[in-house]
Amino acid sequence: MCGFGGYFGSIRDAEALLARMIAAIAHRGPDEQGKFVAPDAGLGHARLSVIGIGDGQQPMSDVSGNLTIAFNGEIFNYLELREGLMAKGRRFRTSSDTEVILHLYDEMGEDCLPLLNGDFAFAIWDNRRRRMVLARDRMGVRPLFYTNKDGVLYFASEIKALLKVPGISAEIDPIALDQIFTLWAPIAPRTAFRNIYELEPASVMIATQEEVTVKRYWHLDYPHRDAPPKLTNEDDAAEELQALLSDAVRLRMRADVPVGSYLSGGLDSSLVSALAAGMTPLQLQTFSVTFDSTEHDESAFQTEMASALGARHRTIACQAGDIAGVFPEVIRFAERPIIRTAPAPLYQLSGLVRQAGLKVVLTGEGADEVFAGYDIFREARVRRFCGRQPASRMRPKLFRRLYPYLPGLQQQSVEYLSAFFGAGNAALDDPLFSHRPRFKTTAAAKIFFSGDLRATLKGYDAAEDLVSRLPQAFSLWHPLHQAQFLETSFLLPGYILSSQGDRMAMAHGIEGRFPFLDPRLVEFAGRLPPEMKLKGLVEKHILRKAAKHLLPSAIRERTKQPYRAPEARSFVGAGELDYVRDALSEASIAAGGLFNAKAVANLHEKCRTQPASGFRDNAAFVGILSTQLWQKNFTGQEVSAARAA
Amino acid sequence: MITIKDKVRAFIVDNFLFGDTSYELADTASLIENDIIDSTAVVELVAFIEDNFGIAMVDSDIVPANLDSVDRISSFIKAKAEALAA
């Protein structure tokens, strides 16, 4: 795991620029740095040594010197690929997975990408064909951003490296801001930065002097909703799932350093940890976040699972004020406004892993998307159920069962439950049916947008923009698969794997690995009949079945508790930090120009005096504060204008 | 003279619209459909009515038919107050 940057085109002072770019992302690769400069192309690399520690330096060139690669990530099946290449007569100079990509590309060009089972982003300078090839893994685990300036293509693992290019500066993209305040994340390739883009997951960009093309090499797919299921026997499916997951973990234990595991206390990370513990000759090291508040804390389950595994378990407490303490750094690494604080404890957690001396951790991320674990899938099912009999007074009571951890909801009358979850219930064929209430509730936070920002947006509708990008086959899928597609292809790379995942782990030079996102497992899960994933209102049914002999029943049978962290109340009240007051002051808000200063002041005061704020107010508070911090960090806009005023 | 409707409107504008008087809130506009309140805000609304009008609300009172617009809230408060006075 590493970071890289580079360019394609004619520039001056290439060595110095590459040095600046790599210095900006040195946290991703604290072990080594390297540069490669050719006429019209250059690559720089910061390395976190995990595989081929002694001989995997980058950028790496092939024997001919015609191909040079800068690579971030891991190819988990590199040993199998290497064996196949050696059988064809290929000779290897190193033990690294990096060299495997070079040989594969030499043989097959970009057609080699579907063979890679890994989390990767790379750039290959192909001197023979005079082209720069950029590629990214299927699910979007590893990041890759790019921009153009004066006919030169610049690219890097994080945007902060691109900001080192002369003439490229940070400016908020108002459309991206609207998308974040509706969908929780920008729609790729858009980023929060105007004119800076991300290469979409499962895509390859080929840049020549004549043109730049981007194409997808893999698509997330589901069967036609009326097609007879290929897998009908649950026992067989559970057995196959366990075998695939076990192999996915086995491949992800490959490293020349010890591999640890995050342990949330839920089904997914417990299952991954249990499989990993059975595969390592060492004592597995596990890592968890604990919270002061009982509504967020899962430490009892974490302790039980760690004890069952005989793991060496470490925890870090996320206490009152901790989120506020790290939040500016969280935004600096996330490189975008966010509407939830959940990345902050994960930033703390990766720091704990680093302190323990580890570089690599497994996580359970991805299972909720692939096996339908999120509440939103169950909620959509209940909404459809209610939508068929709108007059029913019994059906809306099911909403209480969905959210036992939300006390406010438990007290609501049937009429209010029906009203709050009624958004879009009549439009059963709406492509966003499953997500419409969430998007609508989140977008309510846009009430704080300034008049100028609203005028700039000219009525832009982020949800409809998302609809316009859905694949043709989408309408032919089962409603659960439609909802899974939205989570897996949009929110997973756009928020979970980036703002909560790669960026928070790599802030401390930690590589996260995601067995549930092994492409074999993702494709297998896509083929499963919907009822094997969401059975009635039981989420991840088939995964629970597969876990039967691996986990204590208390872990296996517990209802999913979504990972959440305290929101606005983390920042207000006694001990409120200066930067929060400054960022939300009327002068700072007015200087930023994006929000209504008076309304934000009222929101700030409301959060101070009424700590139990609702979703809209929390999302708005965190979104506005993070936007202000983003502006300060990346554009240099001083948010402490209030003090000067 | 400040009417019940004025007080209700002021509360909604201050607490749920954060003082944004440019928002054109019709007396009959649904607070839910217009994303003005969520489930947490219902609790705030009930506390406002109880604290400011001396009304004790029972569970069956807390329904959108009574509380989902400025007009409905005002009518509900008037009816409750009249019942108390009777």
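Within the option set A:537, A:551, A:543, being aliphatic (A, V, I, L, M) and at pLDDT 95 or above holds for one residue only, A:543. Can you confirm whether residue A:138 is of a type outside the set (Phe, Trp, Tyr), open to solvent by 10 Å² or more (accessible area, probe 1.4 Å) and not in a helix (DSSP H, G or I)? Yes. Scanning the range B:56-86 for residues that are within 16 Å of residue B:4 (Cα to Cα), at pLDDT 90 or above and open to solvent by less than 50 Å² (accessible area, probe 1.4 Å) gives B:66, B:67, B:68, B:69, B:70, B:71, B:73, B:74, B:76, B:77.
Entry remark, the range A:319-338: residues being open to solvent by less than 10 Å² (accessible area, probe 1.4 Å) and out of contact with any Lys or Arg (no Cβ under 8 Å at 6 or more places or on another chain) number 7 in total.
The residues of the range A:478-532 that are outside any helix (DSSP H, G or I), open to solvent by less than 10 Å² (accessible area, probe 1.4 Å) and more than 17 Å from residue A:224 (Cβ to Cβ), listed by number, are A:497, A:509, A:510, A:511, A:512, A:513, A:518.
Mind checking whether some residue in the range B:76-83 is out of contact with any Asp or Glu (no Cβ under 7 Å at 6 or more places or on another chain), assigned to a loop (DSSP other than H, G, I, E, B) and either over 15 Å from residue A:419 (Cα atoms) or facing chain A (nearest Cβ under 8 Å) (or both)? Before the answer, list the steps.
Applying the first criterion (out of contact with any Asp or Glu (no Cβ under 7 Å at 6 or more places or on another chain)) to the range B:76-83 yields B:76-83.
Still in the list and also assigned to a loop (DSSP other than H, G, I, E, B): none.
Looking for residues that are out of contact with any Asp or Glu (no Cβ under 7 Å at 6 or more places or on another chain), assigned to a loop (DSSP other than H, G, I, E, B) and either over 15 Å from residue A:419 (Cα atoms) or facing chain A (nearest Cβ under 8 Å) (or both), one finds none in the range B:76-83, hence no.
For the range A:142-258, the helices (runs of 4 or more DSSP H) that sit wholly inside it and include 2 or more residues that are open to solvent by less than 20 Å² (accessible area, probe 1.4 Å) and in contact with a strand residue (DSSP E or B) (Cβ under 6 Å, 6 or more places away or on another chain) are A:159-162.
The strands (runs of 3 or more DSSP E) located wholly in the range A:1-70 that include 2 or more residues which are among the hydrophobic types (A, V, I, L, M, F, W, C) and buried (at least 23 other Cβ atoms within 10 Å of the Cβ) occupy A:2-8, A:41-47. Summed over the range B:9-52, the residues that are part of a helix (DSSP H, G or I), at pLDDT 90 or above and facing chain A (nearest Cβ under 8 Å) give a count of 2.
Scanning the range A:589-617 for residues that are in a helix (DSSP H, G or I) and within 21 Å of residue A:176 (Cβ to Cβ) yields A:589, A:591, A:592, A:600, A:616. Residue-level analysis places residue A:559 among those that are among the hydroxyl-bearing types (Ser, Thr, Tyr), over 19 Å from residue A:337 (Cα atoms) and in contact (Cβ under 8 Å) with a residue 24 or more places away in the chain.
Per-residue answers, yes or no, for (1) more than 14 Å from chain B (Cβ to nearest Cβ); (2) at pLDDT 90 or above; (3) under 27 Å from the mean Cα position of the chain (by Cα); (4) buried (at least 21 other Cβ atoms within 10 Å of the Cβ):
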residue	(1), (2), (3), (4)
A:562	yes, no, yes, no
A:568	no, yes, yes, yes
A:571	yes, yes, yes, yes
A:577	yes, yes, no, no
A:581	yes, yes, no, no
A:592	yes, yes, no, yes
A:601	no, yes, no, no
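This table checks each residue for (1) crowded, with 21+ Cβ neighbours inside 10 Å; (2) not charged (D, E, K, R).
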site: A:314; (1), (2): no, no
site: A:317; (1), (2): no, yes
site: A:377; (1), (2): yes, yes
site: A:408; (1), (2): no, yes
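Take residue A:129 and tell me if it is out of contact with any His (no Cβ under 7 Å at 6 or more places or on another chain), of a type in the set (Lys, Arg) and either open to solvent by less than 20 Å² (accessible area, probe 1.4 Å) or within 21 Å of residue A:499 (Cα to Cα) (or both). So residue A:129 fails the test. Residue A:553 passes every criterion in (1) more than 23 Å from the chain's Cα centre (by Cα); (2) of a type in the set (S, T, N, Q); (3) buried (at least 18 other Cβ atoms within 10 Å of the Cβ) apart from (3). Here residue B:2 clears all of (1) under 17 Å from residue A:411 (Cβ atoms); (2) more than 10 Å from chain A (Cβ to nearest Cβ) except the condition numbered (1). Scanning the range A:198-222 for residues that are over 28 Å from residue A:513 (Cα atoms) and touching a residue at least 12 places away in the same chain (Cβ under 8 Å) gives A:207, A:208, A:209, A:212. Cβ separations smaller than 6 Å between residues 6+ apart or across chains give the following pairs from the range A:439-468 residues that are over 18 Å from residue B:22 (Cα atoms) and more than 14 Å from every other protein chain (Cβ to nearest Cβ) to residues that are in a helix (DSSP H, G or I) and of a type in the set (Ser, Thr, Tyr): A:462/A:182.
Here is a yes/no grid of residues against (1) modelled with pLDDT under 95; (2) in the same structural domain as residue A:518 (by TED's automatic domain parsing); (3) in contact with a strand residue (DSSP E or B) (Cβ under 9 Å, 6 or more places away or on another chain):
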| residue | (1), (2), (3) |
| --- | --- |
| A:30 | yes, no, yes |
| A:48 | yes, no, yes |
| A:57 | yes, no, yes |
| A:68 | no, no, yes |
| A:85 | no, no, no |
| A:100 | no, no, yes |
| A:118 | no, no, yes |
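Being part of a loop (DSSP other than H, G, I, E, B) and either open to solvent by 10 Å² or more (accessible area, probe 1.4 Å) or touching a Pro at 6+ places or on another chain (Cβ under 6 Å) (or both) is not true of residue A:473. Somewhere in the range A:264-280, is a residue within 30 Å of residue A:476 (Cα to Cα), out of contact with any strand residue (DSSP E or B) (no Cβ under 9 Å at 6 or more places or on another chain), surrounded by 19 or more Cβ atoms within 10 Å (Cβ to Cβ) and in contact (Cβ under 8 Å) with a residue 60 or more places away in the chain? Yes, there is a match, as at least one residue in the range A:264-280 is within 30 Å of residue A:476 (Cα to Cα), out of contact with any strand residue (DSSP E or B) (no Cβ under 9 Å at 6 or more places or on another chain), surrounded by 19 or more Cβ atoms within 10 Å (Cβ to Cβ) and in contact (Cβ under 8 Å) with a residue 60 or more places away in the chain.
Residues that are of a type outside the set (Gly, Ala, Ser), more than 15 Å from residue A:531 (Cα to Cα) and assigned to a loop (DSSP other than H, G, I, E, B) within the range A:361-373 comprise A:363, A:365, listed in sequence order. Filtering the range B:1-33 to residues that are over 22 Å from residue A:604 (Cα atoms) and exposed (fewer than 15 other Cβ atoms within 10 Å of the Cβ) leaves B:1, B:2, B:3, B:6, B:24, B:26, B:27, B:28, B:33.
Looking at A:240, A:200, which one is in contact with a Gly (Cβ under 8 Å, 6 or more places away or on another chain) and modelled with pLDDT of 95 or more?
On the way: A:240 fails: in contact with a Gly (Cβ under 8 Å, 6 or more places away or on another chain).
On inspection, the qualifying residue turns out to be A:200.
Within the range B:62-75, how many residues are touching a residue at least 12 places away in the same chain (Cβ under 8 Å) and either more than 9 Å from chain A (Cβ to nearest Cβ) or in contact with a helix residue (DSSP H, G or I) (Cβ under 7 Å, 6 or more places away or on another chain) (or both)? Steps first, please.
Keep residues of the range B:62-75 that are touching a residue at least 12 places away in the same chain (Cβ under 8 Å), which gives B:62, B:64, B:67-71, B:73-74.
With either more than 9 Å from chain A (Cβ to nearest Cβ) or in contact with a helix residue (DSSP H, G or I) (Cβ under 7 Å, 6 or more places away or on another chain) (or both) added as a condition, the list becomes B:62, B:64, B:67, B:69-71, B:73-74.
Residues meeting the conditions: 8.
The values are calculated or read from the model by the stated rules, or taken from the named source; none is laboratory data. What you are looking at is a predicted structure, and each value in this text was computed from that prediction instead of being measured. For neighbour counting, all protein chains shown are included, and Cβ atoms are generated from backbone atoms with ideal geometry for every residue, glycine included. Remember, those area values only see protein heavy atoms, side chains included, never the ligands or the DNA or RNA. Shrake-Rupley method; radii C 1.70, N 1.55, O 1.52, S 1.80 Å.
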